[in-house]
Amino acid sequence: GQQLNQSPQSMFIQEGEDVSMNCTSSSIFNTWLWYKQDPGEGPVLLIALYKAGELTSNGRLTAQFGITRKDSFLNISASIPSDVGIYFCAGQLSNAGKSTFGDGTTLTVKP
Amino acid sequence: GAVVSQHPSRVICKSGTSVKIECRSLDFQATTMFWYRQFPKKSLMLMATSNEGSKATYEQGVEKDKFLINHASLTLSTLTVTSAHPEDSSFYICSAGNRRDSYSPLHFGNGTRLTVT
């Protein structure tokens, strides 16, 4: 089946720094999604991308759908302590909603 | 909008008993819902696709007689862990997409922490 490689696996940064994480796949996706999960809770949608090359922002978050449709990145600018959590990318190929998830990037922000 | 509610949030049960977990789409119709299992510090593993009015589609390696899925209405899917054992202890999460949006993006419930003693 399709697999996503998400990197880095974890990040330890200082408050105020920018963060970048990405996902790559050996096959194409039609939709890329980025989620954040806090401990003991379900993932919360951050950004959804539907077109190759699309660049979308949500506050301090920016994500792009790679032009090859095989990758996506998420940037967080000026990180704050509440950005701590696990970030997952997810790719969808069909319009039936079935998604493939990356292994997650655990972000720690030091005040 | 696009709220998915999952209940219970935590459950502790004895080995050999069955546990039912509910997943509801509160403000949209979801003909398809998805059930995942997540181990500590791991990604979400898709267990099955729940289809309203028909049988669920299980992923390879997931026992359908162990994890019973019922999707009797457009807003409710249930996952029953039958004859639970300690190795079934895990975090179970459901997700759903709005049919009007072609099921994208998916929205998640808050998960159910199952502990089998």
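No lab work stands behind these numbers, since they all come straight from the coordinates. Note that the structure is predicted; figures quoted are calculated from it, not measured. Ideal geometry is used to build each Cβ from the backbone, glycine not excepted, and the neighbour counts take in all protein chains shown.
Rounded to the nearest 0.05, what FRET efficiency do residue A:60 and residue B:3 give with R0 = 22 Å and r taken as the Cβ-Cβ distance? Could you check?
0.35
Given +1 on the Cβ of Lys and Arg, -1 on the Cβ of Asp and Glu, and no further charges, what dipole in debye does chain A carry about its Cα centre, rounded to the nearest 20?
The calculated dipole for chain A is roughly 360 debye.
Which pairs, out of A:70/B:42; B:42/B:64; A:51/B:55; B:14/B:64, put more than 31 Å between their alpha-carbon atoms?
Listed pairs above 31 Å: A:51/B:55.
Can you put B:26, A:93, B:44, A:33 in order of Cβ neighbours within 10 angstrom, beginning with the fewest?
Placing the least packed residue first, the sequence is B:26, A:93, A:33, B:44.
Suppose R0 equals 25 Å; then what is the FRET efficiency for residue B:29 and residue A:27 from their Cβ-Cβ distance, rounded to the nearest 0.05?
In this case the efficiency is close to 0.25.
Tell me the label-point distance for the pair residue A:41, residue A:18, using the 7 Å Cα-to-Cβ offset, in nm and rounded to one decimal.
Each label point is offset 7 Å from its Cα along the Cβ direction, giving 2.7 nm.
Given the options B:24, B:100, B:37, state which has the largest fluctuation in a GNM of chain B using a 10 Å cut-off (strictly under) for Cα springs.
Largest GNM mean-square fluctuation: B:100.
Using only Cα atoms, what is the ratio of the radius of gyration of the protein assembly as shown to 2.2 N^0.38 Å?
Scaled against compact globular proteins, the figure is 1.01.
May I ask you to sort B:58, B:36, A:35 by Cβ crowding, counting other Cβ atoms within 10 Å and putting the fewest first?
The fewest-first ordering by Cβ neighbours comes to B:58, B:36, A:35.
Between B:60, B:38, B:29, where does the largest GNM mean-square fluctuation fall for chain B, given springs only between Cα atoms within less than 10 Å?
Of B:60, B:38, B:29, the Gaussian network model singles out B:60 as fluctuating most.
Mind checking which aspartates and glutamates have their Cα closer than 17 Å to the Cα of residue A:98? Skip sequence neighbours fewer than 8 apart in that chain.
Residue A:98 reaches B:52, B:59, B:101.
With labels modelled as points extended 7 Å from the Cα through the Cβ direction, what inter-label distance (nm, one decimal) is found for residue A:51 paired with residue B:64?
If labels sit at residue A:51 and residue B:64, their model points lie 4.1 nm apart.
Of A:63, A:52, A:90, which has the largest mean-square fluctuation in a 10 Å C-alpha GNM of chain A?
For chain A, modelled as a Gaussian network with Cα springs under 10 Å, the answer is A:52.
Starting from the Kirkwood radius over alpha-carbon pairs of chain A, derive D by Stokes-Einstein at 37 °C in a medium of 0.692 mPa s and give it in µm² s⁻¹.
Translational D for this selection: 236 µm²/s.
Computed over the Cα atoms of chain B, what is the ratio Rg over Rh, Rh following Kirkwood?
Answer for chain B: 0.95.
Would you order A:19, A:84, B:4 from fewest to most other beta-carbon atoms within 10 Å of each residue's own beta-carbon?
Arranged by neighbour count, lowest to highest, A:19, A:84, B:4 become A:84, A:19, B:4.
What is the dipole size for chain B, taken about its Cα centre, with +1 at each Lys and Arg Cβ and -1 at each Asp and Glu Cβ, in debye to the nearest 20?
Using only the charged Cβ atoms, the result is roughly 200 debye.
Per residue, how big is the convex hull of the stretch A:64-107 when only Cα atoms are used? Give it in Å³.
89 Å³
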